[in-house]
Amino acid sequence: MLSTLQSPRSLSRFPSRYTLCTLTAQSPTSTSPPPPPPHSQILSIRHSLLSRRLSAAQLAESYLTRLRLTEPHLKSFLHVSEDAVLQQAHRLDQMIASSEELGPLAGVLVAVKDNICTADMPSTGGSRVLEGYLPPFDATAVRKIKDLGGIVVGKTNLDEFGMGSTTEASAFQVTANPWDISRVPGGSSGGSAAAVSARQCVVSLGSDTGGSVRLPASFCGVVGLKPTYGRVSRYGLMAYASSLDVIGCFGSSVADTGILLHAISGHDRLDATSSNREVPDFASRFDSVDLLESKPLKGLRVGLIRETLDDGVDNGVISVIRGAASHLEELGCSVTEISLPSFSLGLPAYYILASSESSSNLSRYDGVRYGNQVAADELNSLYGDSRAKGFGPEVKRRILTGTYALSAGYYDAYYKRAQQVRTMIRKSFKAALDENDILISPAAPSAAYKIGEKKDDPLAMYAGDIMTVNVNLAGLPALVLPCGFVEGGAAGLPVGLQMIGAGFDEENLLKVGHIFEQTLENCRFVPPLIEHDDTP
(Lines give C-alpha, C1' and ligand atoms only; values in the text may rest on other atoms or scores of the structure.)
Protein backbone atom coordinates (compact mmCIF):
# COMPACT_ATOMS: atom_id res chain seq x y z
CA MET A 1 0.00 0.00 0.00
CA LEU A 2 1.22 3.47 -0.82
CA SER A 3 2.24 5.17 2.41
CA THR A 4 4.22 8.16 1.27
CA LEU A 5 5.39 10.06 -1.77
CA GLN A 6 8.07 8.12 -3.59
CA SER A 7 11.52 9.65 -3.77
CA PRO A 8 12.65 10.88 -7.18
CA ARG A 9 14.02 8.14 -9.39
CA SER A 10 16.84 8.18 -11.90
CA LEU A 11 16.23 9.38 -15.45
CA SER A 12 18.45 6.57 -16.76
CA ARG A 13 15.62 5.11 -18.82
CA PHE A 14 15.29 8.48 -20.62
CA PRO A 15 18.64 8.62 -22.41
CA SER A 16 17.75 11.67 -24.53
CA ARG A 17 15.51 14.71 -24.26
CA TYR A 18 12.50 12.65 -25.27
CA THR A 19 11.42 9.02 -25.27
CA LEU A 20 8.93 7.32 -27.54
CA CYS A 21 7.34 4.02 -26.62
CA THR A 22 8.32 1.45 -29.22
CA LEU A 23 6.64 -1.41 -31.02
CA THR A 24 9.84 -3.41 -31.20
CA ALA A 25 10.21 -6.24 -28.70
CA GLN A 26 12.99 -5.65 -26.20
CA SER A 27 15.19 -8.18 -24.46
CA PRO A 28 14.05 -8.60 -20.86
CA THR A 29 16.28 -7.03 -18.25
CA SER A 30 16.21 -6.78 -14.52
CA THR A 31 15.06 -3.14 -14.78
CA SER A 32 12.13 -3.82 -17.13
CA PRO A 33 8.87 -2.42 -15.79
CA PRO A 34 6.21 -4.90 -14.74
CA PRO A 35 3.61 -5.89 -17.37
CA PRO A 36 0.89 -3.30 -17.90
CA PRO A 37 -2.45 -3.79 -16.20
CA PRO A 38 -5.35 -5.36 -18.13
CA HIS A 39 -6.52 -3.17 -20.99
CA SER A 40 -9.83 -2.44 -19.23
CA GLN A 41 -10.16 -1.83 -15.53
CA ILE A 42 -13.94 -1.73 -15.96
CA LEU A 43 -14.02 -5.24 -17.44
CA SER A 44 -11.54 -6.47 -14.81
CA ILE A 45 -13.75 -5.13 -12.03
CA ARG A 46 -16.80 -6.82 -13.52
CA HIS A 47 -14.92 -10.13 -13.78
CA SER A 48 -13.71 -9.84 -10.16
CA LEU A 49 -17.23 -9.19 -8.90
CA LEU A 50 -18.93 -11.93 -10.89
CA SER A 51 -16.23 -14.47 -10.00
CA ARG A 52 -16.48 -13.44 -6.31
CA ARG A 53 -12.71 -12.91 -6.27
CA LEU A 54 -13.25 -9.49 -4.72
CA SER A 55 -16.29 -7.81 -3.26
CA ALA A 56 -17.53 -4.40 -4.32
CA ALA A 57 -16.79 -3.13 -0.80
CA GLN A 58 -13.18 -4.32 -1.05
CA LEU A 59 -12.72 -2.66 -4.42
CA ALA A 60 -14.28 0.58 -3.24
CA GLU A 61 -12.15 0.63 -0.09
CA SER A 62 -8.96 0.05 -2.09
CA TYR A 63 -9.66 3.09 -4.28
CA LEU A 64 -10.69 5.20 -1.28
CA THR A 65 -7.50 4.22 0.53
CA ARG A 66 -5.40 5.35 -2.41
CA LEU A 67 -7.45 8.53 -2.65
CA ARG A 68 -6.91 9.37 1.03
CA LEU A 69 -3.16 8.90 0.67
CA THR A 70 -2.66 10.83 -2.55
CA GLU A 71 -5.27 13.58 -2.24
CA PRO A 72 -3.26 15.79 0.17
CA HIS A 73 -0.58 16.02 -2.53
CA LEU A 74 -2.82 16.33 -5.59
CA LYS A 75 -6.01 18.13 -4.51
CA SER A 76 -7.97 16.54 -7.34
CA PHE A 77 -11.33 16.65 -5.55
CA LEU A 78 -13.52 19.41 -4.20
CA HIS A 79 -15.90 16.90 -2.60
CA VAL A 80 -15.61 13.17 -1.81
CA SER A 81 -18.57 11.12 -0.62
CA GLU A 82 -16.90 8.16 1.13
CA ASP A 83 -19.93 7.02 3.15
CA ALA A 84 -22.20 7.00 0.11
CA VAL A 85 -19.59 5.08 -1.92
CA LEU A 86 -19.32 2.34 0.71
CA GLN A 87 -23.09 2.14 1.14
CA GLN A 88 -23.57 1.66 -2.60
CA ALA A 89 -20.78 -0.93 -2.68
CA HIS A 90 -22.41 -2.95 0.14
CA ARG A 91 -25.75 -2.74 -1.66
CA LEU A 92 -24.05 -4.07 -4.78
CA ASP A 93 -22.58 -7.00 -2.81
CA GLN A 94 -26.10 -7.84 -1.63
CA MET A 95 -27.28 -7.85 -5.25
CA ILE A 96 -24.44 -10.21 -6.18
CA ALA A 97 -25.29 -12.50 -3.27
CA SER A 98 -28.89 -12.59 -4.50
CA SER A 99 -27.75 -13.32 -8.08
CA GLU A 100 -29.38 -10.13 -9.34
CA GLU A 101 -28.35 -8.77 -12.72
CA LEU A 102 -25.56 -6.19 -12.61
CA GLY A 103 -25.26 -3.11 -14.81
CA PRO A 104 -22.19 -2.79 -17.06
CA LEU A 105 -20.66 -0.16 -14.73
CA ALA A 106 -21.39 -2.05 -11.49
CA GLY A 107 -18.76 -1.26 -8.87
CA VAL A 108 -16.92 1.24 -11.08
CA LEU A 109 -15.90 4.39 -9.20
CA VAL A 110 -16.51 7.47 -11.36
CA ALA A 111 -15.35 11.01 -10.60
CA VAL A 112 -17.39 13.90 -11.97
CA LYS A 113 -16.13 17.37 -12.85
CA ASP A 114 -17.73 19.94 -10.56
CA ASN A 115 -19.47 21.85 -13.37
CA ILE A 116 -21.68 18.78 -13.99
CA CYS A 117 -24.71 18.70 -11.71
CA THR A 118 -25.17 15.98 -9.07
CA ALA A 119 -28.27 15.90 -6.90
CA ASP A 120 -26.56 14.44 -3.83
CA MET A 121 -23.29 16.40 -3.89
CA PRO A 122 -22.32 20.08 -4.11
CA SER A 123 -21.81 21.44 -7.63
CA THR A 124 -19.87 24.69 -7.56
CA GLY A 125 -18.38 25.03 -11.04
CA GLY A 126 -15.15 25.87 -9.21
CA SER A 127 -16.62 29.28 -8.35
CA ARG A 128 -17.35 31.12 -5.11
CA VAL A 129 -20.57 32.38 -6.65
CA LEU A 130 -21.97 28.82 -6.40
CA GLU A 131 -20.22 27.79 -3.20
CA GLY A 132 -22.47 25.36 -1.31
CA TYR A 133 -24.93 24.93 -4.19
CA LEU A 134 -26.78 21.59 -4.20
CA PRO A 135 -28.60 20.96 -7.51
CA PRO A 136 -32.06 19.38 -7.30
CA PHE A 137 -31.24 16.98 -10.16
CA ASP A 138 -28.53 14.88 -11.77
CA ALA A 139 -27.09 15.76 -15.16
CA THR A 140 -28.24 13.26 -17.78
CA ALA A 141 -24.72 11.80 -18.09
CA VAL A 142 -24.54 11.29 -14.31
CA ARG A 143 -28.00 9.72 -14.20
CA LYS A 144 -27.05 7.26 -16.92
CA ILE A 145 -23.90 6.26 -15.05
CA LYS A 146 -25.88 5.63 -11.86
CA ASP A 147 -28.56 3.69 -13.75
CA LEU A 148 -25.85 1.36 -15.07
CA GLY A 149 -24.42 0.68 -11.61
CA GLY A 150 -21.60 3.22 -11.54
CA ILE A 151 -20.66 4.78 -8.21
CA VAL A 152 -19.92 8.52 -8.16
CA VAL A 153 -16.99 8.94 -5.78
CA GLY A 154 -16.87 12.76 -5.77
CA LYS A 155 -16.60 16.06 -7.61
CA THR A 156 -13.31 17.11 -9.15
CA ASN A 157 -11.55 20.45 -9.25
CA LEU A 158 -11.56 22.70 -12.33
CA ASP A 159 -10.78 26.15 -13.58
CA GLU A 160 -13.75 28.34 -12.63
CA PHE A 161 -16.66 27.53 -14.96
CA GLY A 162 -14.18 25.74 -17.24
CA MET A 163 -12.27 28.91 -18.10
CA GLY A 164 -8.60 28.00 -18.00
CA SER A 165 -5.93 25.55 -19.11
CA THR A 166 -4.16 24.69 -15.84
CA THR A 167 -6.80 24.34 -13.06
CA GLU A 168 -5.06 27.26 -11.32
CA ALA A 169 -8.16 29.40 -11.90
CA SER A 170 -10.23 27.36 -9.46
CA ALA A 171 -11.63 29.51 -6.66
CA PHE A 172 -10.85 26.80 -4.10
CA GLN A 173 -7.49 25.09 -4.69
CA VAL A 174 -4.76 24.29 -7.22
CA THR A 175 -4.54 20.68 -8.43
CA ALA A 176 -1.11 19.12 -8.98
CA ASN A 177 0.07 16.75 -11.71
CA PRO A 178 0.64 13.16 -10.47
CA TRP A 179 3.77 12.88 -12.62
CA ASP A 180 5.36 15.87 -10.87
CA ILE A 181 3.42 17.65 -8.15
CA SER A 182 5.23 20.92 -8.90
CA ARG A 183 3.54 21.01 -12.34
CA VAL A 184 0.02 21.74 -13.58
CA PRO A 185 -2.30 18.90 -14.61
CA GLY A 186 -3.76 20.94 -17.47
CA GLY A 187 -7.26 22.34 -17.54
CA SER A 188 -9.93 22.99 -17.21
CA SER A 189 -10.68 19.35 -16.29
CA GLY A 190 -7.41 18.97 -14.40
CA GLY A 191 -8.98 17.34 -11.34
CA SER A 192 -10.69 14.65 -13.42
CA ALA A 193 -7.48 13.84 -15.33
CA ALA A 194 -5.30 13.79 -12.20
CA ALA A 195 -7.78 11.53 -10.40
CA VAL A 196 -7.65 8.92 -13.18
CA SER A 197 -3.87 9.22 -13.55
CA ALA A 198 -3.36 8.62 -9.81
CA ARG A 199 -5.96 5.80 -9.84
CA GLN A 200 -8.13 7.62 -7.31
CA CYS A 201 -11.05 6.45 -9.44
CA VAL A 202 -11.52 4.16 -12.42
CA VAL A 203 -12.84 6.69 -14.94
CA SER A 204 -14.08 10.27 -14.82
CA LEU A 205 -16.21 12.84 -16.59
CA GLY A 206 -14.89 16.18 -17.77
CA SER A 207 -16.11 18.89 -20.10
CA ASP A 208 -14.41 20.18 -23.24
CA THR A 209 -15.11 23.63 -24.68
CA GLY A 210 -11.73 24.25 -26.31
CA GLY A 211 -9.54 21.37 -25.18
CA SER A 212 -10.42 20.98 -21.50
CA VAL A 213 -10.46 17.17 -21.69
CA ARG A 214 -7.66 16.65 -24.19
CA LEU A 215 -5.02 18.99 -22.72
CA PRO A 216 -5.21 17.46 -19.19
CA ALA A 217 -5.19 13.97 -20.71
CA SER A 218 -1.91 14.79 -22.43
CA PHE A 219 -0.35 16.40 -19.36
CA CYS A 220 -1.41 13.58 -17.00
CA GLY A 221 -0.70 10.60 -19.27
CA VAL A 222 -4.27 9.30 -19.53
CA VAL A 223 -6.77 8.78 -22.33
CA GLY A 224 -9.21 11.63 -22.97
CA LEU A 225 -12.09 11.70 -25.43
CA LYS A 226 -14.00 14.73 -26.69
CA PRO A 227 -17.09 13.36 -28.46
CA THR A 228 -18.87 14.91 -31.43
CA TYR A 229 -21.06 17.85 -30.46
CA GLY A 230 -24.47 16.32 -29.82
CA ARG A 231 -23.28 12.77 -29.05
CA VAL A 232 -23.69 13.31 -25.28
CA SER A 233 -26.46 15.33 -23.64
CA ARG A 234 -25.37 18.64 -22.13
CA TYR A 235 -28.34 18.72 -19.75
CA GLY A 236 -26.93 19.44 -16.30
CA LEU A 237 -23.62 20.82 -17.61
CA MET A 238 -23.11 24.39 -16.43
CA ALA A 239 -23.03 26.44 -19.63
CA TYR A 240 -19.83 28.25 -20.59
CA ALA A 241 -20.07 28.45 -24.40
CA SER A 242 -23.15 26.50 -25.44
CA SER A 243 -22.22 25.98 -29.09
CA LEU A 244 -18.84 24.50 -28.07
CA ASP A 245 -19.40 22.70 -24.74
CA VAL A 246 -19.38 18.89 -24.64
CA ILE A 247 -19.11 16.36 -21.82
CA GLY A 248 -16.08 14.09 -22.32
CA CYS A 249 -14.47 11.04 -20.76
CA PHE A 250 -11.19 10.08 -19.09
CA GLY A 251 -9.80 6.59 -18.56
CA SER A 252 -6.49 4.85 -18.04
CA SER A 253 -7.10 2.95 -21.30
CA VAL A 254 -8.91 3.50 -24.58
CA ALA A 255 -11.26 0.61 -23.74
CA ASP A 256 -12.38 2.14 -20.45
CA THR A 257 -12.88 5.53 -22.12
CA GLY A 258 -14.98 3.95 -24.87
CA ILE A 259 -17.10 1.98 -22.40
CA LEU A 260 -17.82 5.17 -20.44
CA LEU A 261 -18.67 7.06 -23.63
CA HIS A 262 -21.13 4.35 -24.64
CA ALA A 263 -22.78 4.60 -21.20
CA ILE A 264 -23.45 8.35 -21.41
CA SER A 265 -24.21 8.74 -25.14
CA GLY A 266 -27.57 8.99 -26.82
CA HIS A 267 -30.48 11.32 -27.47
CA ASP A 268 -31.98 13.25 -24.57
CA ARG A 269 -35.29 15.09 -24.86
CA LEU A 270 -33.97 17.54 -22.24
CA ASP A 271 -31.23 18.74 -24.61
CA ALA A 272 -32.41 19.97 -28.00
CA THR A 273 -28.85 19.78 -29.38
CA SER A 274 -28.39 16.08 -28.60
CA SER A 275 -28.35 13.80 -31.62
CA ASN A 276 -30.80 10.95 -32.17
CA ARG A 277 -28.18 8.93 -34.06
CA GLU A 278 -27.80 5.32 -32.97
CA VAL A 279 -24.93 4.77 -30.54
CA PRO A 280 -22.55 2.03 -31.75
CA ASP A 281 -21.26 -0.70 -29.45
CA PHE A 282 -17.79 0.80 -29.07
CA ALA A 283 -16.55 -2.18 -26.99
CA SER A 284 -16.99 -4.50 -29.98
CA ARG A 285 -13.94 -2.84 -31.59
CA PHE A 286 -11.59 -3.60 -28.72
CA ASP A 287 -9.85 -6.76 -29.98
CA SER A 288 -7.11 -8.41 -27.97
CA VAL A 289 -3.59 -7.74 -29.17
CA ASP A 290 -3.13 -11.51 -29.56
CA LEU A 291 -5.81 -11.53 -32.27
CA LEU A 292 -4.36 -8.70 -34.34
CA GLU A 293 -2.84 -9.19 -37.77
CA SER A 294 0.71 -8.04 -38.46
CA LYS A 295 -0.69 -4.89 -40.12
CA PRO A 296 -3.99 -4.39 -38.27
CA LEU A 297 -4.52 -0.86 -39.62
CA LYS A 298 -3.59 -1.62 -43.23
CA GLY A 299 -5.17 0.86 -45.62
CA LEU A 300 -6.04 3.49 -43.00
CA ARG A 301 -5.31 6.99 -44.32
CA VAL A 302 -3.80 9.28 -41.70
CA GLY A 303 -3.13 12.99 -42.18
CA LEU A 304 -0.45 14.60 -39.99
CA ILE A 305 -1.34 18.31 -39.68
CA ARG A 306 1.79 20.22 -40.71
CA GLU A 307 0.81 23.43 -38.91
CA THR A 308 0.86 21.61 -35.54
CA LEU A 309 4.59 20.93 -35.86
CA ASP A 310 5.69 24.51 -36.56
CA ASP A 311 7.59 27.01 -34.43
CA GLY A 312 6.25 27.27 -30.89
CA VAL A 313 6.03 23.51 -30.40
CA ASP A 314 8.72 21.91 -28.22
CA ASN A 315 11.26 19.86 -30.16
CA GLY A 316 10.75 16.92 -27.84
CA VAL A 317 7.02 16.92 -28.48
CA ILE A 318 7.58 17.08 -32.26
CA SER A 319 9.94 14.10 -32.12
CA VAL A 320 7.53 12.01 -30.06
CA ILE A 321 4.63 12.80 -32.42
CA ARG A 322 6.69 11.99 -35.50
CA GLY A 323 7.66 8.73 -33.83
CA ALA A 324 3.97 8.00 -33.17
CA ALA A 325 3.27 8.61 -36.86
CA SER A 326 5.99 6.08 -37.71
CA HIS A 327 4.34 3.59 -35.37
CA LEU A 328 1.07 4.04 -37.21
CA GLU A 329 2.91 3.30 -40.46
CA GLU A 330 4.28 0.11 -38.91
CA LEU A 331 0.69 -0.86 -38.13
CA GLY A 332 -0.20 -0.50 -41.80
CA CYS A 333 -1.40 3.11 -42.01
CA SER A 334 -0.58 5.43 -44.86
CA VAL A 335 0.62 8.64 -43.18
CA THR A 336 0.97 11.86 -45.14
CA GLU A 337 1.55 15.43 -44.04
CA ILE A 338 -1.35 17.72 -44.87
CA SER A 339 -1.83 21.46 -44.58
CA LEU A 340 -4.79 23.23 -42.96
CA PRO A 341 -4.09 26.91 -43.78
CA SER A 342 -6.94 28.13 -41.57
CA PHE A 343 -5.58 26.27 -38.52
CA SER A 344 -3.82 29.29 -37.00
CA LEU A 345 -7.01 31.37 -37.24
CA GLY A 346 -8.85 29.09 -34.83
CA LEU A 347 -7.35 30.40 -31.61
CA PRO A 348 -8.42 34.07 -31.90
CA ALA A 349 -11.81 33.06 -33.35
CA TYR A 350 -12.37 30.62 -30.49
CA TYR A 351 -11.62 33.15 -27.76
CA ILE A 352 -13.96 35.73 -29.30
CA LEU A 353 -16.81 33.23 -29.68
CA ALA A 354 -16.34 31.47 -26.33
CA SER A 355 -16.00 34.74 -24.43
CA SER A 356 -19.06 36.19 -26.18
CA GLU A 357 -21.19 33.18 -25.27
CA SER A 358 -19.88 33.18 -21.71
CA SER A 359 -20.83 36.83 -21.21
CA SER A 360 -24.40 35.83 -22.01
CA ASN A 361 -24.49 32.50 -20.15
CA LEU A 362 -22.96 33.85 -16.95
CA SER A 363 -25.36 36.78 -16.73
CA ARG A 364 -27.69 34.48 -14.78
CA TYR A 365 -25.33 34.52 -11.78
CA ASP A 366 -26.54 37.82 -10.36
CA GLY A 367 -27.33 36.88 -6.77
CA VAL A 368 -31.06 36.81 -7.48
CA ARG A 369 -31.74 34.13 -10.08
CA TYR A 370 -28.60 32.10 -9.33
CA GLY A 371 -25.54 32.45 -7.14
CA ASN A 372 -24.68 33.63 -3.67
CA GLN A 373 -26.01 37.07 -2.80
CA VAL A 374 -24.18 39.99 -1.25
CA ALA A 375 -26.28 42.30 0.95
CA ALA A 376 -26.82 45.71 -0.64
CA ASP A 377 -29.07 48.76 -0.26
CA GLU A 378 -30.30 48.82 -3.85
CA LEU A 379 -30.66 46.40 -6.77
CA ASN A 380 -27.80 47.51 -9.02
CA SER A 381 -25.37 47.33 -6.11
CA LEU A 382 -26.66 43.85 -5.24
CA TYR A 383 -26.03 42.67 -8.80
CA GLY A 384 -22.63 44.28 -9.07
CA ASP A 385 -21.32 43.32 -5.65
CA SER A 386 -22.56 39.71 -5.91
CA ARG A 387 -20.78 39.25 -9.24
CA ALA A 388 -17.65 41.13 -8.18
CA LYS A 389 -17.27 38.99 -5.07
CA GLY A 390 -18.41 35.73 -6.65
CA PHE A 391 -16.36 35.67 -9.88
CA GLY A 392 -12.60 35.24 -10.14
CA PRO A 393 -10.26 37.32 -12.34
CA GLU A 394 -10.22 34.94 -15.34
CA VAL A 395 -14.02 34.76 -15.50
CA LYS A 396 -14.28 38.55 -15.25
CA ARG A 397 -11.71 38.92 -18.02
CA ARG A 398 -13.67 36.70 -20.39
CA ILE A 399 -17.03 38.29 -19.57
CA LEU A 400 -15.58 41.72 -20.33
CA THR A 401 -13.96 40.49 -23.55
CA GLY A 402 -17.19 38.86 -24.71
CA THR A 403 -19.35 41.84 -23.82
CA TYR A 404 -17.00 44.12 -25.78
CA ALA A 405 -17.07 41.81 -28.83
CA LEU A 406 -20.88 41.82 -28.83
CA SER A 407 -21.31 45.55 -28.26
CA ALA A 408 -22.74 47.91 -30.86
CA GLY A 409 -20.13 49.00 -33.35
CA TYR A 410 -17.84 46.04 -32.73
CA TYR A 411 -20.13 43.06 -33.44
CA ASP A 412 -19.27 42.86 -37.16
CA ALA A 413 -15.57 43.40 -36.59
CA TYR A 414 -15.22 40.66 -33.98
CA TYR A 415 -18.13 38.24 -33.42
CA LYS A 416 -19.38 38.09 -37.01
CA ARG A 417 -15.87 37.71 -38.40
CA ALA A 418 -15.09 34.96 -35.87
CA GLN A 419 -18.20 33.07 -37.02
CA GLN A 420 -17.01 33.37 -40.61
CA VAL A 421 -13.63 31.94 -39.59
CA ARG A 422 -15.47 29.09 -37.85
CA THR A 423 -17.19 28.22 -41.13
CA MET A 424 -13.81 28.24 -42.92
CA ILE A 425 -12.38 25.87 -40.31
CA ARG A 426 -15.33 23.48 -40.62
CA LYS A 427 -14.89 23.37 -44.41
CA SER A 428 -11.13 22.81 -44.19
CA PHE A 429 -11.59 19.90 -41.75
CA LYS A 430 -14.28 18.38 -43.95
CA ALA A 431 -12.01 18.55 -46.99
CA ALA A 432 -9.12 17.00 -45.05
CA LEU A 433 -11.30 14.20 -43.67
CA ASP A 434 -12.71 13.47 -47.13
CA GLU A 435 -9.13 12.58 -48.11
CA ASN A 436 -8.08 10.96 -44.82
CA ASP A 437 -9.73 8.62 -42.31
CA ILE A 438 -8.24 10.41 -39.30
CA LEU A 439 -6.01 13.42 -38.65
CA ILE A 440 -3.28 13.49 -36.02
CA SER A 441 -1.41 16.19 -34.13
CA PRO A 442 0.10 16.86 -30.72
CA ALA A 443 -2.51 17.52 -28.05
CA ALA A 444 -0.44 20.39 -26.67
CA PRO A 445 2.66 22.31 -27.79
CA SER A 446 4.54 21.21 -24.65
CA ALA A 447 4.42 18.80 -21.77
CA ALA A 448 3.16 19.94 -18.36
CA TYR A 449 4.83 23.10 -17.08
CA LYS A 450 5.39 24.43 -13.58
CA ILE A 451 2.55 25.67 -11.41
CA GLY A 452 2.54 29.48 -11.58
CA GLU A 453 4.71 29.60 -14.71
CA LYS A 454 2.01 31.14 -16.92
CA LYS A 455 -0.57 32.27 -14.39
CA ASP A 456 0.24 35.96 -14.84
CA ASP A 457 0.49 35.75 -18.64
CA PRO A 458 -3.00 34.95 -19.98
CA LEU A 459 -1.95 35.18 -23.63
CA ALA A 460 0.78 32.57 -23.15
CA MET A 461 -1.75 30.32 -21.43
CA TYR A 462 -4.30 30.82 -24.21
CA ALA A 463 -1.65 29.89 -26.80
CA GLY A 464 -1.47 26.43 -25.23
CA ASP A 465 -4.94 25.71 -26.66
CA ILE A 466 -3.78 26.08 -30.28
CA MET A 467 -3.90 22.31 -30.93
CA THR A 468 -7.41 21.73 -29.62
CA VAL A 469 -9.76 24.67 -30.20
CA ASN A 470 -10.25 24.04 -33.92
CA VAL A 471 -11.84 20.67 -33.17
CA ASN A 472 -14.49 22.35 -31.02
CA LEU A 473 -15.15 24.99 -33.65
CA ALA A 474 -15.73 22.20 -36.17
CA GLY A 475 -17.79 20.09 -33.73
CA LEU A 476 -15.68 16.97 -34.39
CA PRO A 477 -14.64 14.09 -32.11
CA ALA A 478 -11.03 13.76 -30.93
CA LEU A 479 -9.17 11.16 -28.89
CA VAL A 480 -5.96 11.86 -26.97
CA LEU A 481 -3.80 9.01 -25.72
CA PRO A 482 -0.27 8.98 -24.30
CA CYS A 483 2.41 7.98 -26.81
CA GLY A 484 5.73 8.82 -25.17
CA PHE A 485 7.71 11.01 -22.80
CA VAL A 486 9.87 14.09 -22.71
CA GLU A 487 12.39 14.69 -19.98
CA GLY A 488 11.14 16.33 -16.80
CA GLY A 489 10.10 15.54 -13.26
CA ALA A 490 11.23 12.35 -11.56
CA ALA A 491 10.21 9.92 -14.30
CA GLY A 492 9.68 11.96 -17.46
CA LEU A 493 6.55 13.79 -18.55
CA PRO A 494 3.94 12.19 -20.82
CA VAL A 495 3.06 13.48 -24.28
CA GLY A 496 -0.38 12.95 -25.82
CA LEU A 497 -1.21 12.16 -29.44
CA GLN A 498 -4.46 13.71 -30.69
CA MET A 499 -6.52 11.75 -33.22
CA ILE A 500 -9.34 13.66 -34.95
CA GLY A 501 -12.17 11.93 -36.77
CA ALA A 502 -15.20 12.77 -38.86
CA GLY A 503 -18.41 13.70 -37.08
CA PHE A 504 -19.92 10.83 -35.06
CA ASP A 505 -17.02 8.54 -35.99
CA GLU A 506 -15.85 7.92 -32.42
CA GLU A 507 -16.03 4.19 -33.18
CA ASN A 508 -13.14 4.40 -35.65
CA LEU A 509 -11.07 6.65 -33.38
CA LEU A 510 -11.48 4.19 -30.51
CA LYS A 511 -10.54 1.24 -32.70
CA VAL A 512 -7.37 2.93 -33.96
CA GLY A 513 -6.48 4.23 -30.50
CA HIS A 514 -6.97 0.82 -28.91
CA ILE A 515 -4.70 -0.90 -31.43
CA PHE A 516 -2.09 1.83 -31.09
CA GLU A 517 -2.21 1.55 -27.31
CA GLN A 518 -2.11 -2.27 -27.21
CA THR A 519 0.91 -2.50 -29.51
CA LEU A 520 3.03 -0.05 -27.54
CA GLU A 521 5.92 -1.63 -25.68
CA ASN A 522 8.48 -0.22 -23.26
CA CYS A 523 6.02 2.32 -21.88
CA ARG A 524 3.92 2.19 -18.75
CA PHE A 525 1.86 5.29 -18.06
CA VAL A 526 1.66 4.98 -14.29
CA PRO A 527 2.97 8.07 -12.44
CA PRO A 528 5.74 7.66 -9.85
CA LEU A 529 3.34 8.85 -7.13
CA ILE A 530 1.62 5.44 -7.18
CA GLU A 531 4.09 3.22 -9.02
CA HIS A 532 4.77 1.07 -5.95
CA ASP A 533 1.19 1.00 -4.75
CA ASP A 534 0.08 -2.58 -4.08
CA THR A 535 -3.59 -1.97 -3.29
CA PRO A 536 -5.97 -4.16 -5.37
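Per-structure values
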read-out	value
Close pairs (8 angstrom Cβ cut-off, 6 or more residues apart or separate chains): among the hydroxyl-bearing types (S, T, Y) in segment 407-428, crowded, with 16+ Cβ neighbours inside 10 Å and outside any helix (DSSP H, G or I) anywhere	S428/L340; S428/S342
Pairs with Cβ under 9 Å, 6+ apart, first in segment 182-198 and within 19 Å of E453 (Cα to Cα), second basic (K, R) and crowded, with 24+ Cβ neighbours inside 10 Å	G186/R214; S188/K113; S189/K113; G191/K113; G191/K155
Qualifying position, being more than 16 Å from the chain's Cα centre (by Cα) and buried (at least 23 other Cβ atoms within 10 Å of the Cβ), among P482, P458, P527, P477	P527
Number of the exception - S127 against (1) of a type in the set (S, T, N, Q); (2) open to solvent by 50 Å² or more (accessible area, probe 1.4 Å); (3) under 30 Å from D366 (Cβ atoms)	(2)
The lone exception for L520 - which of (1) out of contact with any strand residue (DSSP E or B) (no Cβ under 7 Å at 6 or more places or on another chain); (2) more than 26 Å from P348 (Cα to Cα); (3) open to solvent by less than 10 Å² (accessible area, probe 1.4 Å) it fails	(3)
Failed item in (1) outside any loop (DSSP other than H, G, I, E, B); (2) touching a strand residue (DSSP E or B) at 6+ places or on another chain (Cβ under 8 Å); (3) surrounded by 14 or more Cβ atoms within 10 Å (Cβ to Cβ); (4) of a type outside the set (F, W, Y), with T336 passing the rest	(3)
Residues within segment 281-328 that are open to solvent by 30 Å² or more (accessible area, probe 1.4 Å) and under 24 Å from C249 (Cα atoms), tallied	7
N470 of a type in the set (S, T, N, Q) and either under 30 Å from S265 (Cα atoms) or modelled with pLDDT of 95 or more (or both)	yes
K113 being surrounded by 16 or more Cβ atoms within 10 Å (Cβ to Cβ) and over 22 Å from R364 (Cα atoms)	no
Some residue of segment 343-361 being open to solvent by 30 Å² or more (accessible area, probe 1.4 Å), at pLDDT below 95 and among the β-branched types (V, I, T)	no
Residue within segment 487-507 that is open to solvent by 20 Å² or more (accessible area, probe 1.4 Å) and aromatic (F, W, Y) present	yes
Selection count where residues are in contact with a Lys or Arg (Cβ under 7 Å, 6 or more places away or on another chain) and at pLDDT 50 or above, scope segment 30-47	0
Members of segment 362-404 that are of a type in the set (S, T, N, Q) and open to solvent by less than 20 Å² (accessible area, probe 1.4 Å)	S386
Selection count, segment 253-289, where residues are of a type outside the set (D, E) and closer than 26 Å to S197 by Cα	19
Some residue of segment 60-75 being open to solvent by 10 Å² or more (accessible area, probe 1.4 Å) and closer than 25 Å to T209 by Cβ	yes
Single residue of E61, E101 found to be assigned to a helix (DSSP H, G or I) and of a type in the set (D, E)	E61
Condition check for L331: in contact (Cβ under 8 Å) with a residue 40 or more places away in the chain and touching a Pro at 6+ places or on another chain (Cβ under 7 Å)	yes
Conditions (1) open to solvent by 10 Å² or more (accessible area, probe 1.4 Å); (2) without any contact (Cβ under 8 Å) to a residue 40 or more places away in the chain: number failed by T118	(1)
Residues satisfying the stated conditions in segment 351-390, i.e. farther than 18 Å from Y133 by Cβ and part of a loop (DSSP other than H, G, I, E, B)	A375, A376, D377, E378
Filtered residues of segment 117-171 (kept if among the hydrophobic types (A, V, I, L, M, F, W, C) and either touching a Gly at 6+ places or on another chain (Cβ under 6 Å) or over 29 Å from A106 (Cα atoms) (or both))	C117, V129, L130, A139, L148, L158, F161, M163, A169, A171
Qualifying residue in segment 355-362 (condition: in contact with a Leu (Cβ under 6 Å, 6 or more places away or on another chain), touching a residue at least 24 places away in the same chain (Cβ under 8 Å), more than 30 Å from N508 (Cβ to Cβ) and not hydrophobic (A, V, I, L, M, F, W, C))	yes
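Condition check ((1) of a type in the set (K, R); (2) under 13 Å from the mean Cα position of the chain (by Cα); (3) surrounded by fewer than 24 Cβ atoms within 10 Å (Cβ to Cβ)) across all residues:
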position	(1), (2), (3)
R234	yes, no, no
S243	no, no, yes
I247	no, yes, no
F250	no, yes, no
V254	no, yes, no
S265	no, no, no
R269	yes, no, yes
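The values are calculated or read from the model by the stated rules, or taken from the named source; none is laboratory data. As the structure is a computational prediction, the values presented were derived from the model and not from experiment. Don't worry about glycine lacking a Cβ; one is built from the backbone with ideal geometry, like all the others, and counts go over all protein chains shown. When the accessible area is computed, the model is the full protein with side chains, heavy atoms only, and any ligands, DNA or RNA have been set aside. Shrake-Rupley method; radii C 1.70, N 1.55, O 1.52, S 1.80 Å.
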